[in-house]
1. Mind listing whichever residues of the stretch 246-258 are closer than 22 Å to residue 92 by Cα and not in a helix (DSSP H, G or I)?
2. Would you mind telling me which numbered condition in (1) exposed (fewer than 11 other Cβ atoms within 10 Å of the Cβ); (2) closer than 27 Å to residue 235 by Cβ residue 129 fails?
3. Within the stretch 283-294, does at least one residue satisfy the condition of being part of a helix (DSSP H, G or I) and over 13 Å from the mean Cα position of the chain (by Cα)?
4. Surrounded by fewer than 16 Cβ atoms within 10 Å (Cβ to Cβ) and either in contact (Cβ under 8 Å) with a residue 24 or more places away in the chain or among the aliphatic types (A, V, I, L, M) (or both): does that describe residue 253?
5. Return the residues of the stretch 133-154 that are of a type in the set (Gly, Ala, Ser) and modelled with pLDDT of 85 or more; say none if nothing qualifies.
6. Restricting the search to the stretch 85-112, which residues are within 25 Å of residue 69 (Cα to Cα) and outside any helix (DSSP H, G or I)?
7. Among the residues of the stretch 88-103, write down those that are out of contact with any Leu (no Cβ under 6 Å at 6 or more places or on another chain) and surrounded by 13 or more Cβ atoms within 10 Å (Cβ to Cβ).
8. Just to be sure before I move on: is residue 226 within 21 Å of the chain's Cα centre (by Cα), at pLDDT 70 or above, surrounded by fewer than 18 Cβ atoms within 10 Å (Cβ to Cβ) and part of a helix (DSSP H, G or I) in the structure I sent?
Amino acid sequence: MASTDTTSRPDTPDRPKGDSGDQLAGLEAGLDALESRTTDRPPLGRVLLDKAVPPLVAVLLVLALWQLAYVLEVKPHHLLPGPADVAASLREKWLDGTLLGYVWTSLSRGALGFAVSVVIGAPLGLLVARVRWVRAAIGPILSGLQSLPSVAWVPAAIIWFGLSEATIYAVVLLGAVPSIANGLIAGVDQISPLYLRAGRTLGATGWAGIRHVLLPAALPGFLAGLKQGWAFSWRSLMAAELIVNVASLGTGLGQLLEQSRELQDMSSVLASILLILFVGIFVELLLFAPVERRVLRGRGLLVSR
């Protein structure tokens, strides 16, 4: 009996070692599987099916409902033209060679106004986020300005600058800067204090801490603020162009919309609205969506399906 006990004891210490090795191997295999699952990209056909088909179906449904309302004469045809009439108006402007000019005039104004808004709004948002007394002083003002309709600034801007390009850009800045600043403030507020303490421990203080720790950590929230800032810039620009309708300034999409209203040309009115919508969607899909996906994927916040 004693010999049996002595021979069984050496076996027991070896069993946990084998079990722990199996557990580590299983854990490594699970981590490898998880990593390969997130890095594998879906086939192109599935991407097109997931990304392109739902918007296309939604557009076709809207067009079908629009055509149905036209056929049933929910409104007289001169008040509610059909999709074919609006397409004919767009085709006429394209053949005249004026369509791209309208789009470029507004897009260039919007891009310049947005760029200047970022240059002003980002440092302002960083200052408000990091200095407590500045946040207490102007933080509520920024939130209030963000909720203020952009068109409310147009009469004041006209009095200050007259019917000029400065009026248009003033309205764009006043509409976009608060949104961009608040986006950066929200991104900074979402940073874990542990990251900031770790950065200070490693010597990242002052501007180095802002550049290497604060801004990269706040980038996802800041990108959301930039997207919203562009939306506010575009909306503010259209509001300004609708009112500041002077031939010497060039004709943008907002001014085209106002001119069509004055002529009671509903086909051109709806065509202008669609152009404004398409430009906003185009900028979102071409510029902001890829950058946002890349940032989120780099931080492990976006998993490919």
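The values are calculated or read from the model by the stated rules, or taken from the named source; none is laboratory data. Since we're looking at a predicted model, the values are computed, not measured. Cβ sites come from the backbone with ideal geometry, for glycine too, and all protein chains shown count toward neighbours.
1. Here is the first cut: in the stretch 246-258, the ones closer than 22 Å to residue 92 by Cα are 247, 250-258.
The answer is 250, 251, 252.
2. That leaves (1) as the condition not met.
3. So in the stretch 283-294, the residues part of a helix (DSSP H, G or I) come out as 283-294.
Among the residues that remain, those that are also over 13 Å from the mean Cα position of the chain (by Cα) are: 294.
Among the residues of the stretch 283-294, at least one is part of a helix (DSSP H, G or I) and over 13 Å from the mean Cα position of the chain (by Cα), which makes the answer yes.
4. Working: surrounded by fewer than 16 Cβ atoms within 10 Å (Cβ to Cβ): no; either in contact (Cβ under 8 Å) with a residue 24 or more places away in the chain or among the aliphatic types (A, V, I, L, M) (or both): yes.
In short, no.
5. Of all residues in the stretch 133-154, those of a type in the set (Gly, Ala, Ser) come to 136-137, 139, 143-144, 147, 150, 152.
Within the stretch 133-154, 136, 137, 144, 152 meet the criteria.
6. none
7. First, pick out the residues of the stretch 88-103 that are out of contact with any Leu (no Cβ under 6 Å at 6 or more places or on another chain): 88-92, 94-101, 103.
Within the stretch 88-103, 88, 89, 90, 92, 98, 99, 101, 103 qualify.
8. Details: within 21 Å of the chain's Cα centre (by Cα): yes; at pLDDT 70 or above: yes; surrounded by fewer than 18 Cβ atoms within 10 Å (Cβ to Cβ): no; part of a helix (DSSP H, G or I): yes.
The answer is no for residue 226.
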